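See structure below.
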Amino acid sequence: MEPRIVPLIVRESIEERAAAMAHAMAVECASERPLLVGLLNGAAPFLMALVRHWPAAGQAGLEYDFIDVKSYVGTQSSGHVELVKDTRVDLAGRDVIVVEDIVDTGLTLHHVLALFKDKNPKSLKVCSLLKKRVERLHEVPVDYCGFEIDDLFVVGFGLDFDGIYRSLNYIAVLELPDGKEPE
Ligand code: 5GP
């Protein structure tokens with residue numbers, strides 16, 4: 001049997017929320033050249049939605065870049081995150097907003113923020129499309145959050161399961177046929 005995907009957040013709601021978040025960030029970020037840094041591949045569609053909805057007056061100065069990380073949560077409870085692609089842009093002295101698809105345990109962002117702090121940005125904020133209502137391994141500051149969701153495995157709008165469902169333009173809960181949890 002195929003996994004079932006149950007729509008959770010429709011495209012219109014995501015776009016509306018992305019527009020509101022882009023406006024809030026543009027107003028609150030004093031910089032004329034804010035830098036959005038997305039985590040590949042999951043945050044790419046959300047980052048592009050933020051760029052599309054950024055107020056016209058600030059769009060010319062808005063920059064974006066991407067990093068790629070690999071997370072290992074094996075036998076070590078603390079887990080480990082390895083940077084496999086760094087930014088092209090130098091973060092020193094910049095107003096940086098990290099753009100993530102979803103915050104679950106907080107492990108990924110905890111490591112990314114530590115790495116980025118060492119690069120001496122002028123300011124460092126976090127924007128995530130989704131945040132799970134769970135007890136986190138690492139408490140991370142999420143300055144801008146799109147939607148808080150229950151502890152469900154979701155796909156779509158950048159989020160995948162084994163490489164698929166990423167290109168759905170809405171967010172859905174993935175239900176495996178035998179009731180197993182996706183890993
Ligand atoms: P964390 O490090 O906060 O535990 O999780 C961050 C990463 O885990 C996300 O960037 C995402 O790649 C993956 N992740 C966590 N929860 C989900 C989920 O519900 N669905 C999908 N597709 N990925 C998830």
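Out of the strands (runs of 3 or more DSSP E) lying entirely within the stretch 40-123, which hold 3 or more residues that are of a type in the set (S, T, Y)?
63-72
Limited to the stretch 127-183, what total is found for residues that are crowded, with 17+ Cβ neighbours inside 10 Å, among the hydrophobic types (A, V, I, L, M, F, W, C) and either within 25 Å of A22 (Cα to Cα) or in contact with a helix residue (DSSP H, G or I) (Cβ under 8 Å, 6 or more places away or on another chain) (or both)?
The qualifying residues number 13.
Just to check your reading of the model, which residue among F147, F157, F153, F161 is near the ligand (Cβ under 8 Å from one of its atoms) and under 23 Å from V98 (Cβ atoms)?
Numbers: F147 fails: near the ligand (Cβ under 8 Å from one of its atoms); F157 fails: near the ligand (Cβ under 8 Å from one of its atoms); F161 fails: under 23 Å from V98 (Cβ atoms).
Testing whether each residue is near the ligand (Cβ under 8 Å from one of its atoms) and under 23 Å from V98 (Cβ atoms) leaves just F153.
Look through the stretch 80-126, keep the residues that are hydroxyl-bearing (S, T, Y) and either within 19 Å of L47 (Cβ to Cβ) or surrounded by 20 or more Cβ atoms within 10 Å (Cβ to Cβ) (or both), and return whichever of them is farthest from the ligand (Cβ to nearest atom).
Of everything passing the filter in the stretch 80-126, S123 is farthest from the ligand (Cβ to nearest atom).
Scanning for something assigned to a loop (DSSP other than H, G, I, E, B) and modelled with pLDDT under 95, does the stretch 4-24 turn up at least one residue? Working first, answer last.
Of all residues in the stretch 4-24, those assigned to a loop (DSSP other than H, G, I, E, B) come to 10.
Now restrict to residues that are modelled with pLDDT under 95: none.
No; the residues of the stretch 4-24 include none that is assigned to a loop (DSSP other than H, G, I, E, B) and modelled with pLDDT under 95.
Going by the conditions given, is A30 outside any strand (DSSP E or B), open to solvent by less than 60 Å² (accessible area, probe 1.4 Å) and farther than 30 Å from V84 by Cα?
Answer is no for this residue.
In the list K132, K119, which residue meets the criterion of being within 17 Å of the chain's Cα centre (by Cα) and among the charged types (D, E, K, R)? Before the answer, list the steps.
Numbers: K119 fails: within 17 Å of the chain's Cα centre (by Cα).
Selected residue: K132, the only one of K132, K119 that is within 17 Å of the chain's Cα centre (by Cα) and among the charged types (D, E, K, R).
The values are calculated or read from the model by the stated rules, or taken from the named source; none is laboratory data. Please read these numbers as outputs of a predicted model, since none were measured by experiment. All Cβ positions, glycine included, derive from the backbone under ideal geometry; neighbour counts span all protein chains shown. Surface areas here come from the heavy atoms of the whole protein model, side chains and all, with no ligands, DNA or RNA. Shrake-Rupley method; radii C 1.70, N 1.55, O 1.52, S 1.80 Å.
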